[in-house]
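Here's the structure, in structure tokens; my notes come after.
The values are calculated or read from the model by the stated rules, or taken from the named source; none is laboratory data. Only a predicted model underlies this, so the values are computations on that prediction, with no experimental measurement involved. Every residue, glycine among them, receives a Cβ derived from its backbone with ideal geometry; neighbour counts consider all protein chains shown.
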Amino acid sequence: MNNCFFKIVFSLTFLFVVCLFVCGSATATEDIESIPFSGAGLGSFEDPYQITTIEQLDEIRNHLNSNFVLMNDLDFSESDVDNWLPIGKEKIINDLYCNFEGSLNGNNKTISNLVIDFPDEVYNGFFYAVWDGSVSNLNFENASVPSKSSNVGILAALIGPNATVENVGIFNSTVTGEMYVGILSGISVANSTISNCTIQNSTIESESAGAVSSTNRADIMNVHVSNCTIKAVYCGGLVAYDYGSISNCSVTNSYIETKLVAGGIAGSSFVSTIQNCYTNNVSIVAIEDRYEYYHANLGGIIGNSEDSIIENCFSTASIVSYQRLSYNGGIAGNCTRSDFKNCIAVNEKLNHHPGSWTILNQLNTGKIAGHVNDSDFENCYYWHKIKSNKIIFDGENGKRVTSAKINDFPNGIWNEWEADIWAENPNENESLPILKNQLFEFQND
């Protein structure tokens, strides 16, 4: 048995879950006209229903094709609603769960102290599923989803085809579940978009987990995760499994703990693209566990990459493994048939502590990649001060570079990094660049 076994089992499980998603969902072809919305507005795009109370927020479930706008902050601690039933799980059409296919404009307002506590039920989130719909400009503060089951996220259990999630923030929140668990969403499927979102000071624990979603086939853009704790067997700063694309994203000041596979951006990628992403001040740790026949895969950007493209990414992540067998890399832990271009490893340390194990394969740590199979590396560099307590894998797949050259943005090794995407860090104590879409954070501090 090896990592291929995990991939096969996961793929079959994922297909089963998607089948449940498709077969167990109903299209909201018409609203429940017998229950009119109690507030202002017509529910059209030009004149959306105006939500001013938690009671009116709950009325979204009666009008799943309509358009809504949130007019003020809502605090569940000030209401009688102590347990929110995910919108769409009322089984109102043919006894099937229903998708939200309208639009919700949060108007930059905040929903606070939301609790979704159905621990033994699958599909938990504010929405059951956003499908052909959109959610934008909405914040969640101190949300809690304590589940023991699968497909869990604060915004939605599932983000379906043709859905758009934009400018959604999640702060100081907690999520738990068995598998397919994300702070934002449990699963995000193809032909959907997640962009300009922020996830801060939140925690998640599951078998497979990521701040954005556990399993992703969507396009994820301009998403920033900071001060989060992620614990899972398979996990990533943004996603555990990526089959889509991730661009212009960052994970900072966070702790990622795994038993097998973890990456600063994604745990594993399969035929996917990760571009213009970075991790800074992130700790990635594989705790000791008796997965005797499997390798842990740990990387500052990606834990395990297969048939994927990783481009214009850098990592300062600290990587430590307590597993007996472990592939550790500043950028990638294990890579197969993947292309790496313009990647820079500035990791503080790449360490392996086998603990009580008596057998240790020392040829498992690489400054760029821990284990390489039929992969290409172009213009990749590693910091000359990377520390490791074990033998560094001979195929470093990159060039040694000094601090002076790393700190010389946008010159030298940074020449091919796009000036319209990357910018000098306005923090005088930080020499590494940031993404231009983050500059507003500093301007608003």
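Annotations for the structure displayed:
- Qualifying residues in the range 323-346 (those that are under 23 Å from Glu257 (Cα atoms) and either outside the structural domain of Trp422 (by TED's automatic domain parsing) or out of contact with any strand residue (DSSP E or B) (no Cβ under 6 Å at 6 or more places or on another chain) (or both)) - the one modelled with the lowest pLDDT: Arg324
- Selection status of Leu96, under 21 Å from Val152 (Cα atoms) and under 27 Å from the mean Cα position of the chain (by Cα): no
- Matching residues, the range 141-182, being within 19 Å of Cys197 (Cα to Cα) and of a type in the set (Ser, Thr, Tyr): Ser144, Thr164, Ser173, Thr174
- Of residues in the range 77-131 being surrounded by 23 or more Cβ atoms within 10 Å (Cβ to Cβ) and polar (S, T, N, Q), the one farthest from Val145 (Cα to Cα): Asn99
- Search result, residues across the range 113-138 that are closer than 22 Å to Asp75 by Cα, outside any loop (DSSP other than H, G, I, E, B) and without any contact (Cβ under 8 Å) to a residue 40 or more places away in the chain: Val115, Val135, Ser136, Asn137
- Residues that are in contact (Cβ under 8 Å) with a residue 40 or more places away in the chain and of a type outside the set (Val, Ile, Thr) within the range 273-285 comprise Asn276, Tyr278, Asn280, listed in sequence order.
- Qualifying residue in the range 356-365 (condition: at pLDDT below 95, in a strand (DSSP E or B), of a type outside the set (Gly, Ala, Ser) and in contact with a His (Cβ under 8 Å, 6 or more places away or on another chain)): yes
- Pairs where the first residue, in the range 398-420, is in the same structural domain as Glu430 (by TED's automatic domain parsing) and more than 15 Å from His384 (Cα to Cα) and the second is of a type in the set (A, V, I, L, M) and surrounded by 13 or more Cβ atoms within 10 Å (Cβ to Cβ), C-beta under 8 Å, 6+ apart: Phe409/Leu432
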